[in-house]
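Where a number appears in this text, it was derived from the coordinates with a stated rule and is not lab data. Remember, it's a predicted structure, so these values are computed and weren't measured experimentally. Cβ sites come from the backbone with ideal geometry, for glycine too, and all protein chains shown count toward neighbours.
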Amino acid sequence: MSVPHPQLLLDFPVGTAKALASFVPGPNAEVLHRLQGCTTEDGFVCLWLYGTSGTGKTHLLQGVCRHAARLEVAAAYLPGSLAESDPEAGLQALRGLGGYGLVALDDLDCWLGLPGAEEAVFEVYQSLYDRQAALIIACGAPPNDVPFGLDDLASRLRAASCYRLHELDDPGKEQLLVSVARERGFELPGEVTQFLLRRGDRDVAALLNSFARIEHAALADQRRLTVPLVKRVLGL
Amino acid sequence: MVKSVWHKCLDRLEHELSSDQFNTWIRPLQARQADGGITLLAPNRYVRDHVESLFLQRIGEMLDQEGDPANPLDVALDIGSEVPAGIPLRADRRASGVRDDLNRAFTFETFVEGKSNEIARAASVQVSQNTGLSYNPLLLYGGVGLGKTHLMQAVGNAILDKDPESNVVYLHSQRFVQDMVKALQQGTMEEFMRYYRSVDALLIDDIQFFANKLRSQEEFFHVFNALLERGHQMVLTCDRYPSEIDGLEERLKSRFVWGLTVEVEPPELETRVAILMKKAELEGVDLPSDIAFFIAERIRSNVRELEGALKRVMANARFTGRRISIDQVKQALRDLFAIQERHVSIESIQRTIAEYYKVKISDLLSKRRSRSIARPRQMAMYLAKEHTNHSLPEIGDAFGGRDHTTVMHACRKIAELKESSADVAEDYRNLNRLVST
């Protein structure tokens with residue numbers, strides 16, 4: 001049942017801070033553990049996280065920056081979308097990052113191939129290495145599968161500790177949905193999660209996208225999250 | 001006070017903005033107390049301008065709300081960086097007044113010597129004992145990740161150990177270029193040149209990065225001449241023989257090889273094992289030799305990758321609470337091994353060999369026994385034995401159904417020729433690199 005006058009929803013970004021603590025590890029517990037300790041490890045730390053879309057790379061990178069900042073370590077995060085939308089601006093954004101205690105470069109794939117980008121990443125790497133800081137990289141592929149143009153950068157990044165992020169299994173996805181819903185102020189009944197997992201898209205990115213649509217409809221209609229609502233919104 | 005107000009603003013901004021916006025634009029800002037206010041330092045102009053146009057007004061409002069109403073804080077943006085907490089410079093470096101880039105852990109004692117690097121090591125030791133006298137400049141060249149930087153810094157550290165007052169400067173060539181650009185912008189070129197001309201020993205890494213940077217080459221040429229005239233030591237590293245660098249002035253190419261030029265080659269299996277055991281020992285980890293062999297047999301490209309793999313194994317052991325064992329290594333490095341297996345196959349080796357020697361793959365698999373075909377085929381078999389875990393009968397099969405004794409003969413032959421023929425040795429080095437990357 002929908003209300004006669006749907007609630008008008010304004011498109012404000014809603015900050016849901018991505019923290020390491022809210023990451024649902026599933027089969028990725030080892031990398032989570034490594035990230036939790038990387039700001040206190042001795043010497044230079046270079047980690048390379050790879051995996052398909054929706055495995056939580058961005059969450060982990062933003063989470064480790066947050067974690068570092070709480071420990072008073074200056075941290076910077078750079079998304080690959082910057083390089084994609086405006087390559088020149090993306091290159092400028094890389095400058096000066098060598099002075100940080102932890103730098104997280106997301107979607108490295110987007111930076112490679114841009115004129116001057118590999119040299120700029122190399123500069124950041126060298127500065128962080130010299131200062132025994134930390135560099136965390138996320139990419140769709142492992143470093144050995146990435147066609148670097150600059151050998152010096154390739155050999156350095158191929159020596160990073162590499163972690164493949166695996167997709168969550170069903171209990172993991174369930175846990176993730178419940179946790180995301182709770183962050184947004186909803187209680188997600190078990191039957192709704194089960195229904196979503198049985199009938200909806202199963203990869204995490206699509207699942208979260210479905211949830212966002214359901215949440216939007218629930219707020220607009222001022223209804224609780226129920227299976228009928230899910231069916232209607234997703235057209236199942 | 002200013003910092004705690006800023007932290008409160010951060011908490012609020014984190015909830016107001018999307019996670020991407022917050023992390024990209026707000027997270028890198030560092031707060032510095034300023035006269036009557038707060039200065040937020042951005043890493044570069046791009047972030048500063050973006051924050052200024054989109055977020056500065058809101059930040060100002062928040063500071064007013066969170067701060068002391070009686071003393072409102074002015075907020076300004078600037079480019080720069082505070083020295084981040086949690087990354088102390090080592091006291092010994094600070095005390096010596098040396099640029100903090102020289103890594104004190106890179107010494108001759110921690111360098112693992114093997115056949116692939118013994119000449120380079122001996123030359124470096126000589127240079128550190130007879131600074132400016134024996135070989136000047138000393139140029140170490142070779143592929144990436146083979147220990148050139150370690151040796152170069154070991155020279156610097158040995159010079160410092162002998163004379164802690166000496167002014168040893170280590171820097172990457174890119175840093176030289178950056179410093180020079182900054183000096184040009186700030187009109188301090190004279191100071192810049194005076195500084196570099198006054199050092200007792202100058203260690204410059206990866207000189208191939210000077211390629212196509214004409215002004216840097218010009219200035220470096222003068223620094224080079226000045227130091228050489230005064231008998232001050234220079235050590236340089238490069239990823240190839242200087243004459244092979246495109247975009248480098250001829251006068252620099254010739255000067256770089258005035259002293260002694262030594263190649264650092266990829267480490268052979270025994271050296272890789274020794275490197276692993278040394279690194280583990282330095283980390284206080286007991287690494288049995290059979291496990292070191294197991295890793296070194298599978299990771300062949302360079303020392304950096306070996307080190308990366310070892311760190312991963314140690315992190316996994318700490319996380320799982322398991323002792324380091326073959327099974328544990330297999331588990332920790334399973335993704336890496338799977339990638340390597342996929343990359344280096346007998347077929348990929350055959351393709352590389354065919355391209356390198358300009359022969360057809362079908363010739364490699366044929367019965368033809370002419371030298372022009374047999375030698376590449378033997379090299380391919382040798383590399384297949386080194387780079388894959390296939391048995392000798394499997395390798396023989398993949399080369400047109402040959403017997404495993406043929407593979408054994410091929411491997412013996414190439415091993416001998418590597419020692420006796422410079423051409424074969426060079427082919428092997430090149431192919432080894434091509435196959436591994």
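List of remarks:
- Given charges at Cβ of Lys, Arg, Asp, Glu: the protein assembly as shown dipole, positive-most of B:LEU13, A:VAL233, A:VAL124: A:VAL233
- Here the peptides B:301-311, A:159-169 are ranked by packing, the mean other Cβ count within 10 Å, and the order with the highest first is B:301-311, A:159-169.
- Averaged over the residues of A:45-55, the number of partner chain Cβ atoms lying within 10 Å of the residue Cβ comes to 1.
- Look at the stretch A:67-74: the mean tally of other chain Cβ atoms within 10 Å of its residues' Cβ atoms is 4.
- Relative contact order (percent, whole number), region A:14-164, Cα cutoff 8 Å, 6+ residue spacing: 31 percent
- Relative contact order (%) - criterion: Cα under 8 Å, at least six apart; region: chain B: 11 percent
- A:LEU234-B:THR107 FRET efficiency (beta carbon distance; Förster radius 45 Å; 0.05 resolution): 0.10
- Phi-based couplings in Hz for region B:412-417 (Karplus 6.51, -1.76, 1.60; Gly and Pro marked x): 4, 4, 5, 4, 5, 5
- Alpha-carbon centroids, region B:133-160 and region A:153-169: separation in whole Å: 30 Å
- In this calculation the C-beta distance from B:GLN328 to B:ALA70 is compared with R0 = 45 Å, giving a FRET efficiency of 0.15.
- Cα shape, the protein assembly as shown, gyration tensor, a/c 1.5 rule: oblate
- Among the listed pairs B:LYS3/B:LYS182; B:LYS148/B:LYS182; B:LYS279/B:LYS330; B:LYS115/B:LYS367; B:LYS182/B:LYS213, those beyond 26 Å (Cα-Cα): B:LYS3/B:LYS182; B:LYS148/B:LYS182; B:LYS115/B:LYS367
- Global form of region A:14-164, assessed from the alpha-carbon gyration tensor, a/c cut-off 1.5: rounded
- Each other residue within a Cβ distance under 9 Å of A:LEU61 adds +1 if Lys or Arg and -1 if Asp or Glu, for a net charge of +1.
- Converting phi to 3J(HN,Hα) with the Karplus coefficients 6.51, -1.76 and 1.60 and the offset θ = phi - 60°, region B:73-79 yields 8, 7, 10, 9, 10, 8, 9 Hz in sequence order, with x at every glycine or proline.
- For B:154-167, mean number of other protein chain Cβ atoms within 10 Å: 0
- Taking Cα atoms only, the orientation of helix B:346-357 departs from the longest principal axis of chain B by about 90 degrees.
- Sum of -39500 (n - 2.57) over DSSP H runs of 4+, divided by residues of chain B (222 nm, nearest 500): -17500 deg cm²/dmol
- Straight-line cross-link partners of B:LYS385 among the lysines, defined as a Cα under 19 Å from its Cα and at least 8 positions apart when in the same chain: B:LYS413, B:LYS418.
- Neighbourhood charge, 12 Å Cβ-Cβ cut-off, centred on B:ILE291 and excluding it, Lys, Arg +1 and Asp, Glu -1: -1
- Fully extending the segment from B:ARG251 to B:SER420 would add 57.4 nm, taking 0.36 nm per residue of separation and subtracting the current Cα-Cα distance.
- Between A:GLN36 and A:GLU183, the C-beta separation translates, for a Förster distance of 25 Å, into a calculated FRET efficiency of about 0.80.
- Amide H contacts of B:THR261 (H built 1.01 Å from N, in plane; Pro and chain starts excluded): B:LEU139 sit under 5 Å, all sequence-distant by 5 or more or on other chains.
- Along region B:279-292 the Karplus relation, 6.51 cos²θ - 1.76 cosθ + 1.60 evaluated at θ = phi - 60°, assigns HN-Hα couplings of 4, 5, 4, 5, 8, x, 10, 8, 10, x, 5, 5, 6, 4 Hz to successive residues, with x for each Gly and Pro.
- The H on the amide N of B:GLN233, modeled in the peptide plane, is under 5 Å from the matching H of B:GLY132, B:LEU202, each at least 5 residues off or on a different chain.
- Amide H to amide H distances under 5 Å link B:LEU77 with B:LEU40, where only residues 5 or more positions off or on other chains count and H is placed in the peptide plane.
- Helix B:2-16 vs. chain B, principal-axis angle (Cα, 0 to 90°, nearest 10): 70 degrees
- Positive-end residue of A:PHE148, A:TYR100, A:LEU112, charge dipole of region A:14-164 with Cβ unit charges: A:TYR100
- Inter-site label distance for A:GLN175 and B:GLU347 at 7 Å from Cα along Cβ, in nm: 3.9 nm
- Ordering of B:235-244, B:406-415, B:339-348 by burial proxy (mean other Cβ atoms within 10 Å per residue, highest first): B:235-244, B:406-415, B:339-348
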